[in-house]
Amino acid sequence: MKKSLERPGDAKTRINAAAIKIARIHAVVTTHPLREERIVVSHAGRHSESTFLIVVVEDQDGLHGYGEAATTLLWSGESAQTAKWMVDSVIAPQLTGATLDHPGAALAVMDKAIHGNPFTKSAIDTALWDLWAKRRGVPAWKLFGDREPVRSIPTRASIGAYPLEKTVMIAREFWTAGVRILKFKVGVSGLDDAGRLRSVREELGDEPVFTVDYNGAFRNAADAVRSIESLLPLKIALAEQPTHRERIGLMAEVRKQVEIPILADESIFTPDHLAEALDLDAFDILSLYPGKNGGFTRSLEMARTAFKADKPCVIGSNLETDLGQAAMAWLAAASAAFPVRQFACDLASSLYYAQPSVTQPLIVRNGEIIVPDGPGFGVTPVMVQS
Ligand SMILES: [Mg+2]
């Protein structure tokens with residue numbers, strides 16, 4: 001991995017020219033139904049529609065930056081309604097009228113006022129990056145990128161914890177749509193995971209890359225190891241979050257005992273989680289995305305830390321719509337920490353939603369998302385008020 005490139009955080013020193021004065025912050029709750037056949041069932045529950053918050057930050061010149069809070073109660077303890085209350089009642093009163101010399105400056109204000117609530121903070125932070133780039137008339141990657149961006153990124157598609165026949169049916173649909181990396185939700189009691197994966201292998205052959213996501217199913221390392229080992233004959237490329245999110249040490253124990261890479265998701269939301277996981281040597285690959293990390297700024301910081309530690313990053317997802325996905329796609333496209341041809345990103349949520357959320361929907365072609373173009377992150381939300 002080449003390490004002489006400029007680090008993401010170094011961009012901060014280059015872009016102090018155009019300060020943002022925040023004139024207005026507006027937040028809208030939106031609901032996005034999933035296509036019936038794409039409803040996600042996992043150890044973390046059932047997800048049939050997404051109720052999210054769109055944040056619009058308007059600057060002194062009437063330009064708009066957009067961000068999305070992809071909230072779910074079971075994931076971060078946030079809902080669109082709690083996010084809206086915090087934006088309207090706490091964040092907007094403190095930031096309106098403020099002049100920022102960097103998009104990340106708002107995080108200090110938000111962190112001083114509110115503990116946690118990463119997706120809410122991320123919506124504001126991401127909107128500020130979008131606005132920051134639009135003020136300069138450039139795509140956002142020009143302000144943070146540490147490599148020439150790739151134009152498309154292989155995506156993983158997620159297959160819920162369904163019984164065998166439905167698992168095979170969904171896998172076949174994604175395969176037909178060109179997706180080559182399949183992520184199976186596993187570890188839900190009552191399902192024969194080995195049988196499910198075996199049936200998909202029999203149907204699709206050896207070519208698809210299989211990964212599995214336990215969503216923190218185990219509180220015991222031995223059980224996690226036993227489960228992963230039972231799936232190894234089916235050629236799984238990695239195991240995601242086998243142990244409970246708050247037991248990083250357990251994940252380190254599992255990692256020592258299995259031969260495939262461990263991808264950390266729920267256990268690593270923040271830079272502090274990342275520091276602890278690195279100390280414990282608890283993972284091989286890191287799942288990052290702005291909502292989980294509490295802001296695009298934080299994802300950049302964590303990507304830089306992981307890169308220095310030789311831990312490759314992938315984009316994870318809380319089923320962001322195209323509004324959230326655009327920023328995520330740009331993060332991976334222009335950051336050296338993301339070896340996108342080696343490890344696919346969870347950027348297929350366009351395939352899950354019944355209607356587009358932005359005026360120029362993202363394109364997934366042959367299993368790869370096309371990185372959008374244009375100033376900022378390149379997307380404008382379709383405002384559908386619930
Ligand atoms: Mg996951």
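The values are calculated or read from the model by the stated rules, or taken from the named source; none is laboratory data. This one's a predicted model, so the numbers in the text were calculated from it and none came from an experiment. No Cβ is skipped: glycine too gets one built from the backbone with ideal geometry, and neighbour counts run over all protein chains shown.
Conditions tested, residue by residue: (1) in contact with a strand residue (DSSP E or B) (Cβ under 9 Å, 6 or more places away or on another chain); (2) more than 16 Å from the ligand (Cβ to nearest atom); (3) within 25 Å of PRO233 (Cα to Cα); (4) modelled with pLDDT of 95 or more.
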| position | (1), (2), (3), (4) |
| --- | --- |
| GLN257 | no, yes, yes, yes |
| ILE262 | yes, no, yes, yes |
| ASP265 | yes, no, yes, yes |
| LEU286 | yes, no, yes, yes |
| PRO290 | yes, no, no, yes |
| ALA303 | yes, yes, no, yes |
| LYS308 | no, yes, no, yes |
| CYS313 | yes, no, no, yes |
**Message:** I need the helices (runs of 4 or more DSSP H) fully contained in the range 71-152, keeping only those with at least 2 residues that are buried (at least 18 other Cβ atoms within 10 Å of the Cβ) and of a type outside the set (Gly, Ala, Ser).
**Reply:** 80-86, 105-113, 118-136, 141-144
**Message:** If THR176 satisfies all but one of (1) surrounded by fewer than 18 Cβ atoms within 10 Å (Cβ to Cβ); (2) at positive phi, what's the number of the condition it fails?
**Reply:** (2)
**Prompt:** Scanning the range 199-212 for residues that are out of contact with any Leu (no Cβ under 8 Å at 6 or more places or on another chain) and not in a loop (DSSP other than H, G, I, E, B), which turns out nearest to the ligand (Cβ to nearest atom)?
**Reply:** LEU204
**Fill in**
For the range 315-339 the number of residues that are assigned to a helix (DSSP H, G or I) and more than 16 Å from the ligand (Cβ to nearest atom) is 8
**Message:** So in the range 170-198, with the set limited to residues that are part of a helix (DSSP H, G or I) and in contact with an Asp or Glu (Cβ under 8 Å, 6 or more places away or on another chain), which one is farthest from the ligand (Cβ to nearest atom)?
**Reply:** ARG172
**Item:** Number of the exception - ARG135 against (1) closer than 26 Å to GLY294 by Cα; (2) touching a residue at least 60 places away in the same chain (Cβ under 8 Å); (3) within 16 Å of the ligand (Cβ to nearest atom)
**Value:** (3)
**Prompt:** Is there a residue being in a helix (DSSP H, G or I), among the hydrophobic types (A, V, I, L, M, F, W, C) and free of Cβ contacts under 8 Å to residues at least 60 places away in the same chain anywhere in the range 305-312?
**Reply:** yes
**Fill in**
The correct count of residues that are part of a loop (DSSP other than H, G, I, E, B) and crowded, with 24+ Cβ neighbours inside 10 Å in the range 221-265 is 3
